[in-house]
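What follows is a short report on a single structure.
Values in this text are rule-based calculations from the coordinates and carry no lab data. Every value quoted in this text rests on a predicted model; they were computed, and no experiment measured them. Here Cβ is always computed from backbone atoms with ideal geometry, including for glycine, and neighbour counts include all displayed protein chains.
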Amino acid sequence: MKKNTEDIAARIEQLRNTIDEHNRRYYIDNQPVISDFEFDILINELQTLEKKYPVFKSDTSPTVRVGSDLSSSGAQNEFSQKLHKYPMLSLSNTYDKEELIAFNERVVKIAGVDVEYVCELKIDGSAISLTYHKGELKDAVTRGDGEKGDIVTENILSTRSVPRFLKGYGYPDEFEIRGEIFMPWSAFDRLNKSREENEEQLFANPRNAAAGSLKLLDSTLVKERGLEAILYHYISDENRFSNHSEALEAAKSWGLPVSGYTKICKSIEEVFNFLDLWDIERKKLPYPTDGVVIKVNNLQLQSKLGYTAKSPRWATAYKFKAERALTKLVSIDYQVGRTGAITPVANLEPVLLSGTIVKRASLHNLDQIELLDIHMNDYVYVEKGGEIIPKITGVELSKRDITSQKPLFPESCPDCGTTLTRDESEARHYCPNFISCPTQLKASLLHFCSRKAMNILAGDATIEQLYNKGFVRNISDFYKLTTEELLQLDGWKERSAERFLKSISDSVSAPFHKVLFSLGIRHVGETTAKSLASHFETIDNLANASKDELLQVDDVGAKLAESICGYFAGDASKKIILELKEAGLQFSQQRIAANTKSELLLNQIIVISGNFSVSRDEIKKLIEEHSGKNSGSVSSKTSFLLAGEEPGPSKIQKAKSLGIKILNEEEFMKLIENN
Ligand code: IVH
């Protein structure tokens, strides 16, 4: 008997710890490793045990506390916090219609009459509470731990849907309205695509992406994330409405975003019809939903029903099960990415999931493999996180072969054999050999040529050929290529070689921030490259910057600073930069002078020749005012020749032979004026 009690206590303790850990991953890291369904199973088991063995009840159990999204408690928190005037609770939930019948019976028993419900879609985002004072948004606060939350007003105002000022009339002097901040599928796909390009950790689903975006410190970045809001819970000290649905109607008339898919249901059967309809229809919506919330419409009855410690008794959520499939894990590939990140990818026995056949799923990193406790040949559950990546969310232990082993994460790069290093903050392994690891090298050559980088006309196939022939082994080799070499490549003709070489010589005038982005320094994406270029102005300043100096730049954190220092410390990078400098690439950003009118001609080298309607000095001044550079002689680096009356014939001839544009005075003036 004693042993049994000890076992129960131990299981409860274990469940609480596991749930706390998953809550942390969900609400704080925004990187959950199990599905909501699996999480709810753990909560259910704990609830059942606590009910059966009340001696183990605890006020700090995750069954009576809402999961906290607070970034940190106390002094280091980046956001100020606010106490909620009314606690911000969660909802009870179920996947089972029988439990909805029981919910209805409990409500009807207390009401004494049939009850009207409002059914709403359960939006899968992050909860927010807005306070409006005299028609103006006073603050927006996250749920936090239910008692206090982070004030994220600026970030909320950068969503398209939350108005700073209300319209219409008749709103109380002060009221709160709560709802969900979410990320539509399209914005989620866009965000993950760009994170994939920059080899940043992908968001598992739009909910995590929305919650993570809400906590960004720079609201202009939040704006780019495309968050939206739907509000669903009006709260005020004044009793001006008798029904929840009336309150929502009023909120809509004040310009607040409320759902268009809400229905008043007069019986539990009508509720079921709504559930069945929306389990299908929701897949067509542009944003993620994970269930339906069923609320008592009458506000007096709501008060009578009241609250438990964690959730209202007047509402419950019916959750839709995410579609998942069970299949066998056949093997794991360890893929090397552009910046050396090693991603374990599971090869699965093909299985049909939401209309497509899934054969591979990302396992993210070693931490994830360990948390899921995956063994080779296990049967695993796969779900689609978003539209793009299927992921493994659990293991079917009952089907495990007891002899199966845990996978062995490689110690060295599967591609070049270099010993892997581990970035603890990201739990990722990296191959540090970014100079000559073939996959990294080819990927970095491709990145260098990409449209957003140097815009050189080389795709996968060209890079493969150039690499295999040994013509290009680092990015500076592009500038040494000759027509003769290119003609040795399969299928290449004079014309293709010429076009290719022209794209290389054109790339020389790409502005500094693009060059910086093109270098492929780990974690330096397009936006960071721009910030760094305008902060340091030259590559030498950047290369000599200390970690502390780097941390002064907007959005540069410790990880990025370390990566930049590491890059410039290497002899190989120094050599490449020297060679690129010799090739004429732009390694400085001109300081925008006080007399600058525009950056229209930034990084453009302009040669002038002939007589103009104004003095040549005036023309030079105009070029400088628009951030251009004046040069005396025509070369392949010239952006255009500005030819007045009677230009020098040799300059005209040279420009023509190099295919350089020639503008006359009128065309030049138009160019500047249009700006
Ligand atoms: S009502 C007092 N309505 O789901 C509780 N919640 O899992 C008021 N949610 O914490 C919540 N859509 O963040 C409500 N139409 C909706 C909802 C909704 C999404 C979220 C909300 C809540 C969570 C519970």
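Some points to look at:
- Computed FRET value (nearest 0.05) for I235 with C416, which takes r as the C-beta separation and R₀ as 60 Å: 0.50
- Residue pairs, from the table K629/K661; K109/K321; K85/K310, whose Cα atoms sit over 20 Å apart: K109/K321
- Cysteines of the chain lacking any other cysteine Cβ under 4.7 Å from their own Cβ: C119, C265, C449, C565.
- Using the Cβ-Cβ distance between K52 and S354 with R0 set to 41 Å, the FRET efficiency works out to roughly 0.65.
- Flagged links, alpha-carbon separation over 25 Å, of K514/K547; K452/K637; K493/K656; K148/K193; K223/K442: K148/K193; K223/K442
- Stokes-Einstein D (µm²/s) once Rh is taken as the Kirkwood radius of segment 542-675 over alpha-carbon pairs, at 10 °C in 1.306 mPa s: 91 µm²/s
- Reach of K319 by Cα under 16 Å, taken over lysines that are not fewer than 8 positions away in the same chain: K97, K122, K283, K295
- Within-14-Å neighbourhood charge of N104 [Cβ basis; K, R +1; D, E -1]: -2
- Qualifying lysines (Cα of each under 16 Å from Cα of K575; at least 8 residues distant if same chain): K480
- DSSP loop trypsin sites (Lys or Arg not before Pro) with at most 11 other Cβ within 10 Å excluded, longest remaining stretch of the chain: 168-450
- Summing Lys and Arg as +1 and Asp and Glu as -1 over all other residues whose Cβ lies under 11 Å from the Cβ of I619 gives a net charge of -2.
- Converting phi to 3J(HN,Hα) with the Karplus coefficients 6.51, -1.76 and 1.60 and the offset θ = phi - 60°, segment 442-457 yields 5, 5, 6, 5, 5, 4, 4, 7, 4, 4, 6, 9, 8, 6, 9, 6 Hz in sequence order, with x at every glycine or proline.
- Amide H contacts under 5 Å for G648, placed H, 5+ residues apart: G610
- The calculated FRET efficiency for S425 paired with S650, based on their beta-carbon distance and R0 = 41 Å, is about 0.10.
- Taking 0.36 nm per residue of separation and subtracting the current Cα-Cα distance, fully stretching the chain between K493 and L578 would add 27.5 nm.
- Our note on the geometry: Cα centres of segment 596-613 and segment 78-141, 62 Å apart.
- Sparse-neighbourhood loop sites, GluC sites (Glu not before Pro) in segment 51-125 - DSSP loop, at most 12 other Cβ within 10 angstrom: E78
- Estimated translational D of the chain in µm²/s (Stokes, Kirkwood radius over Cα pairs; 20 °C; 1.002 mPa s): 73 µm²/s
- Taking 0.36 nm per residue of sequence separation and removing the Cα-Cα distance, the E45/Q335 pair yields an extension gain of 100.6 nm.
- Extension gain from K629 to E249, taking 0.36 nm per residue of separation minus the Cα-Cα distance: 130.7 nm
- The simple spin-label model puts a point 7 Å past each Cα toward its Cβ; for K406 and K502 those points are separated by 5.9 nm.
- Distance histogram for segment 435-589 (every C-alpha pair counted, 10 angstrom bins, percent rounded to whole numbers): 11, 41, 32, 13, 3, 0
- The three principal axes of the C-alpha atoms in segment 490-529 carry coordinate ranges of 39, 22, 11 Å, sorted with the longest axis first.
- Only beta bridges with both residues in segment 602-675 are counted; by DSSP, about 10 percent of them are antiparallel.
- In summary, the aspartates and glutamates within cross-link reach of K57, defined as a Cα separation below 13 angstrom excluding same-chain residues under 8 places away, comprise E13.
- Where only C-alpha atoms are counted, convex hull volume of segment 298-415 per residue in Å³: 187 Å³
- For segment 399-422, backbone nitrogen atoms closer than 20 Å to the point 7 Å from Q14 Cα along Cα-to-C-beta are found at 399-406.
- In this simple spin-label model, placing a label point 7 Å from the Cα along the Cα-to-Cβ direction at both L600 and R24 gives a separation of 5.8 nm.
- Radius of gyration and maximum dimension Dmax of segment 568-636, Cα, Å: 16.0, 53
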